[in-house]
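Structure first, commentary second.
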Amino acid sequence: MGLIKSIQQQHIRECTTLYLDVFNGDPWNDNWTLETAEQRLHDIYISPNFEGVVYVKNDQIKGAIFGNYEQFFDGRHYNLREMFVSRELQGTGIGSEMLAVLEGKLKGLGVTTTILFTSKGNKTSQFYLNNGFIEWDSMAMMGKDI
């Protein structure tokens, strides 16, 4: 059994190593470097109203959630920016446990909604659907290369 606790600055490097292993592997096959991944996680960490948790087992970080909350007209919304669990522990409930702990913390901060972007039609989107998220008809993720 592991421990879920708030992310601290000293966790960034170990989270970066895990991030590389997860997202440079299947099914994402991204091309993160140690430098780019560490910069991404650091950028999220230093954002205003950062909240995040790590899952620690046997003194090693095995999962993490990074994000921040912002004020909207209808309450505070949490932007879940990154979530990852070690490949060998995916599907064991760690992600759901981390979400539950984080949601408890966020409720205490007056956060009313969590927002995230993820790929459609794969095990990642199914994970979020299984954890009570819904696809909003009123929102779309859009992009433009410049």
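A short reminder: the numbers here are calculations on the coordinates, not readings from a lab. Quantities reported herein were computed from a predicted structural model and do not represent experimental measurements. Cβ placement follows ideal geometry from the backbone for every residue including glycine, while neighbour counts extend to all protein chains displayed.
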Label point 7 Å beyond Cα of LYS5 along Cβ direction - residues of the range 59-103 with amide nitrogen under 18 Å:
59-66, 98-99, 101-102
From the helices alone, meaning DSSP H stretches of at least four residues, give me the mean residue ellipticity at 222 nm for the chain, per-run term -39500 (n - 2.57), in deg cm²/dmol to the nearest 500.
-10000 deg cm²/dmol
Residues with beta-carbon under 13 Å from that of GLY67, excluding GLY67: net charge, scoring Lys, Arg +1 and Asp, Glu -1?
-1
Using alpha-carbon positions, what is the distance between the centroids of the range 39-87 and the range 104-146, in Å?
13
Residue by residue through the range 136-142, which ³J(HN,Hα) values in whole Hz follow from phi under the Karplus form 6.51 cos²θ - 1.76 cosθ + 1.60 (θ = phi - 60°), with glycine and proline marked x?
7, 5, 7, 10, 9, 8, 10
Computed about the Cα centre, the charge dipole of the range 91-145 from +1 Lys/Arg and -1 Asp/Glu charges at the Cβ has a magnitude in debye, to the nearest 20, of 80
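With r as the distance between the Cβ atoms of LYS105 and ASN58 and R0 = 35 Å, compute the FRET efficiency 1/(1 + (r/R0)^6) and round to 0.05.
Values: r = 24 Å, r/R0 = 0.68.
Working from the Cβ atoms, E equals 0.90.
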In the chain, how many lysine pairs have Cα atoms under 19 Å apart, counting only pairs 8 or more places apart or on different chains?
6
How long is the gain from THR36 to LYS120 if the chain were fully straight, where each residue apart is worth 0.36 nm and the alpha carbon distance is subtracted?
27.8 nm
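About its Cα centre, what dipole magnitude does the chain give when the only charges are +1 on Lys and Arg Cβ and -1 on Asp and Glu Cβ, stated in debye to the nearest 20?
280
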Give me, ordered by chain and number, the residues 5 or more places off GLU51 or on other chains with an amide H under 5 Å from its own placed amide H.
GLY67, ASN68, TYR69
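Peptides 73-86, 99-112, 117-130: what's the order by average Cβ count within 10 Å, highest mean first? Could the numbers behind the result be given before it?
On the way: 73-86: 17.1, 99-112: 14.4, 117-130: 12.5.
Highest-to-lowest ranking by the protection proxy: 73-86, 99-112, 117-130.
What does the charge count near LYS120 come to, summing +1 for each Lys or Arg and -1 for each Asp or Glu among other residues with Cβ under 14 Å from its Cβ? Please report the intermediate quantities before stating the final value.
Details: positive: LYS123; negative: GLU135, ASP137.
Spelling it out: positives minus negatives among the neighbours equals -1.
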